[in-house]
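Some notes on the structure that comes next.
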Amino acid sequence: MDPLIKVVDLTKYFPVKALFFTRGWVRAVDKVSFSIFKGETFGLVGESGCGKTTLGRLLVRLIEPTSGKVYFNNVNIYSLKGKALRDFRRKVQIVFQDPYSSLDPRMLVFDIIAEAIEATETKIPTSLEDYIISLLEQVGLSKEHLYRYPHEFSGGQRQRIAIARALAVNPEFIVLDEPTSALDVSVQAQILNLLKDLQKEYGFTYLFISHDLAVVKYMSHRIGVMYLGKLVELASSNEIFEKPLHPYTQILLSAIPIPDPKLARSKHRIKPKGEPPSPINPPPGCRFHPRCPFAMDVCRSREPSLVEVEPGHYVACWKYQKA
């Protein structure tokens, strides 16, 4: 089966400016490759600053890459222009992390959603008002919310409006950039269940970005782990949690808190060394080696590639491949 999204050596460097010259480059995403299949949720995890959000924005072409390609239905999205690009914009959407800043405070809910429909020239089966009411009902809101401003809603309700706006253009692929991290825990569960129900009903494909491992496990079919702009491990959700291979993945999982004090005291925790290196000047070899408790000589000089060490389980670590 061909993937819906195929990412090939995707790279994004941001310049670091000093007066009138460039001091260096932030290597936010560096030669990342993976695929996302139709109808699945691909989770992306890693600590803050690892490049997750930049990668998500590249996939919907909110920003342009330094190099690399992204194929959507076997078409390179960075070659699209004119009508083809507008059609692509209609097929992919993004839900941002903060519902307080992603909605225009001066616009009514009706206008916020209608703007997306009109900008993409989406054909709708009913009148505009009836269509928007049906979208609000799908995300747990109602007709009475149609002519209100965003400040009149709670954080969870605002995120529901943002989801309705994404659904309005009948997308195939949706990037969910930490869609629940700014919400209360009780509201998070409601939004996550809403997203799963919508995927089950309409067959959406998701890229789910988060730093919360428990949430990613609940939502995702497969998970990719990022560190300092690189994809270091990729496997099914169960494989990542039951048999993590990369030391960084093992460290992330060992840091998950356990609510039982007795079990928490007996749990073995793997601790990294030092602080994360700068993405402007990443270390040679494996980027994780300065913090890795299992680093070898080869890790300091040669960068491991992402290889399949077990069926469907990919890892970039010299422990599992020949130097």
Next item on the list: Could you point to the label whose value was computed as volume of the Cα convex hull per residue in Å³ for the structure here, given [x] 137; [y] 126; [z] 167?
Entry: [z]
Margin query: Could you work out the relative contact order of segment 176-265? I mean the mean sequence separation of Cα pairs under 8 Å and 6+ apart, divided by the number of residues, in percent.
Written below: 18 percent
Note to self: Need one number: nm distance between label points at Ser154 and Lys322, each 7 Å from Cα along Cα→Cβ, rounded to one decimal.
What the structure shows: 5.9 nm
Check: For the cross-link pairs Lys52/Lys196; Lys38/Lys196; Lys83/Lys200, which exceed 24 Å when the distance is taken from alpha carbon to alpha carbon?
Finding: Lys83/Lys200
Note to self: Which entries of Lys91/Lys319; Lys31/Lys81; Lys17/Lys69 have Cα-Cα distances beyond 30 Å here?
What the structure shows: Lys91/Lys319
Check: Got a sec? Charge dipole of the chain, +1 on Cβ for Lys and Arg, -1 for Asp and Glu; which of Cys292, Ile94, Pro3 is way out at the positive end?
Finding: Cys292
Note to self: Report for the chain the percent antiparallel among DSSP-assigned beta bridges with both residues inside it, nearest 5.
What the structure shows: 65 percent
Next item on the list: Give, rounded to the nearest 20 debye, the magnitude of the charge dipole that the chain has about its Cα centre when Lys and Arg contribute +1 at Cβ and Asp and Glu contribute -1 at Cβ.
Entry: 1240 debye
Notebook entry, point to check: Roughly how many Å is it from the Cα centre of segment 157-228 to that of segment 19-41, as a whole number?
Noted result: 21 Å
Notebook entry, point to check: Which of the trypsin sites (Lys or Arg not before Pro) found in segment 219-323 are in a DSSP loop and have at most 13 neighbouring Cβ atoms, other than their own, within 10 Å?
Noted result: Lys267, Arg269, Lys273, Arg302, Lys322
Item checked: Local net charge near Glu239, Cβ-Cβ under 15 Å (Lys/Arg +1, Asp/Glu -1) -> -2
Check: Cα convex hull of segment 160-288: mean projected area in nm², to one decimal?
Finding: 10.3 nm²
Margin query: Give me the percent relative contact order of the chain, please, defined on Cα pairs under 8 angstrom at least 6 residues apart.
Written below: 20 percent
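Coordinate-derived values only; no laboratory data. Bear in mind the structure is a predicted one, so any value in this text is a computation, not a measurement. All Cβ positions, glycine included, derive from the backbone under ideal geometry; neighbour counts span all protein chains shown.
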